[in-house]
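Asks: Questions regarding the structure given below will be posed in turn.
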Amino acid sequence: MAASSSSLASHISHNFAGLRRGGGSKGEPSSASSPSTNALFFDRAASRLRVASSSRRPPRGVVAMAGSGKFFVGGNWKCNGTKDSISKLVSDLNGATLENDVDVVVAPPFVYIDQVKSSLTDRVEISGQNAWVGKGGAFTGEISAEQLIDVGCKWVILGHSERRHIIGEDNEFIGKKAAYALSQNLKVIACIGEKLEEREAGKTFEVCFQQLKAFADSISSWTDVVIAYEPVWAIGTGKVATPLQAQEVHVAVRDWLKKNISPEVASATRIIYGGSVNGSNCAELAKQEDIDGFLVGGASLKGPEFATIVNSVTSKKIAA
Ligand code: PEP
């Protein structure tokens with residue numbers, strides 16, 4: 001059910017009162033999200049408000065970049081692959097030309113991390129797809145942050161929607177996981193995102209902010225955190241968010257960081273988009289000012305396509 005027009009309007013005007021800048025928002029909402037008429041109207045109104053009230057110039061002379069962090073692309077291989085297919089993928093990545101100005105990370109299944117670590121170029125860092133909430137011990141089936149560090153991981157993905165909604169991890173548990181991983185010097189890709197019914201009910205910001213708050217309540221520094229906005233309805237469905245839909249949430253997330261953490265953290269924290277990103281749609285998404293990179297599932301299993309997504313950073317520069 002859609003939120004009432006007045007409550008949604010007040011919610012939007014409240015939430016868009018912070019960072020403002022120009023340019024960027026293009027594209028029409030896709031039928032995939034099926035937002036209610038009211039939600040769609042106010043989504044668009046909020047976007048226009050932001051464009052109209054622009055004054056701030058972006059840093060680094062790059063028009064399409066509102067934050068100050070380096071472009072970041074992560075590949076989440078999920079529960080896919082065999083020794084042979086991963087050997088081929090690594091070989092393709094080793095042979096790919098990757099733009100310099102991008103942090104590139106891949107997250108293989110745990111059992112293949114060692115294989116990947118010993119064969120993949122150091123240009124690409126390695127992430128776990130999950131980690132236990134504390135120090136290792138009698139937790140059958142779990143992998144600890146210390147173990148991820150031990151096998152060469154620099155990163156861990158936490159709060160992925162498949163962990164939240166299939167395995168049942170809640171906000172507080174995920175926040176604690178993030179705090180523990182950071183305490184062990186493991187950097188965190190912190191995932192947030194709304195389900196389709198939450199978007200249709202006009203609760204996209206509310207859900208994302210609750211998930212963000214749970215991270216904020218547990219961690220003391222955002223230096224080693226990348227936020228991945230991944231609308232659940234777009235993950236693995238082929239129904240990518242439009243550049244407009246993604247940018248609206250990204251700017252709201254940056255705004256939330258500004259108000260609730262600090263302007264410095266809002267500027268420095270990478271906010272990446274995930275959900276059916278591929279070699280064909282990445283360039284238009286990358287042009288959005290608050291999209292600082294991508295978390296990629298399916299398309300990260302194809303080396304050349306993943307390289308294309310990494311190299312979509314060039315469309316940000318061209319937009320300058
Ligand atoms: C993901 O799993 O984080 C993801 C974004 O998947 P996909 O790109 O396949 O939608």
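Asks: Under 1.5 on a/c is rounded, so check that first for region 165-306, then, if it is not, pick prolate when a/b is larger than b/c and oblate when it is not; a ≥ b ≥ c are the square roots of the alpha carbon gyration tensor eigenvalues.
Replies: In terms of gyration-tensor shape, rounded.
Asks: Could you give the accessible area per residue of region 81-125, probe 1.4 Å, as a whole number in Å²?
Replies: Ligands and nucleic acids excluded, the result is 52 Å² per residue.
Asks: So how far apart, in nm, are the two label points at Q184 and D217 if each is 7 Å from Cα heading toward Cβ?
Replies: For Q184 paired with D217, the spin-label model returns 2.3 nm.
Asks: Taking the Cα-to-Cβ direction at T314 and at T121 and moving 7 Å from each Cα, how far apart do the two end points lie in nm?
Replies: Modelled inter-label distance: 1.5 nm.
Asks: Taking all protein chains in place and a 1.4 Å probe, what share, in percent, of the accessible surface of region 248-298 do carbon and sulfur account for?
Replies: With neighbouring chains kept in place, the figure for region 248-298 is 50 percent.
Asks: Let me ask something additional. My understanding is that a pair violates if its Cα-Cα distance is over 31 Å; which of K203/K317; K88/K195; K70/K239; K259/K287 do that in this structure? Walk me through the numbers on the way to the answer.
Replies: Working: K203/K317 33 Å; K88/K195 34 Å; K70/K239 27 Å; K259/K287 25 Å.
With Cα atoms farther than 31 Å apart: K203/K317; K88/K195.
Asks: So, for region 235-316, what is the accessible surface per residue at a probe of 1.4 Å, expressed in square angstrom?
Replies: 27
Asks: Moving on to the next point. With each pseudo-label sitting 7 Å past Cα toward Cβ, what's the K88-V111 distance in nm, one decimal?
Replies: The two pseudo-label positions are separated by 1.9 nm.
Asks: For V156, what residues show an amide H to amide H distance below 5 Å, using hydrogens built from the backbone and excluding near sequence neighbours?
Replies: Amide H to amide H, under 5 Å and 5 or more residues apart or across chains, V156 pairs with G128, K187, V188, I189.
Asks: Hey, which aspartates and glutamates would be in cross-link range of K176, C-alpha to C-alpha under 13 Å, not counting anything within fewer than 8 residues on its own chain?
Replies: D217
Asks: Using 0.36 nm per residue of separation minus the Cα-Cα distance, give me the extension gain between Q210 and I261 in nm, one decimal. Before the final figure, lay out each step's value.
Replies: Details: separation 51, 0.36 × 51 = 18.36 nm, distance 1.41 nm.
So the chain would gain 16.9 nm between Q210 and I261.
Asks: At 1.4 Å probe size, with no ligands or nucleic acids counted, give the accessible surface of K78 in Å², nearest ten.
Replies: Here the accessible area works out near 40 Å².
The values are calculated or read from the model by the stated rules, or taken from the named source; none is laboratory data. Quick caveat: nothing in here was measured; it's all calculated off a predicted structure. Because the Cβ atoms are built from the backbone with ideal geometry, glycine has one as well, and the counts that use them run over all protein chains shown. Ligands, DNA and RNA are excluded from the accessible area calculation, which covers all protein heavy atoms including side chains. Shrake-Rupley method; radii C 1.70, N 1.55, O 1.52, S 1.80 Å.
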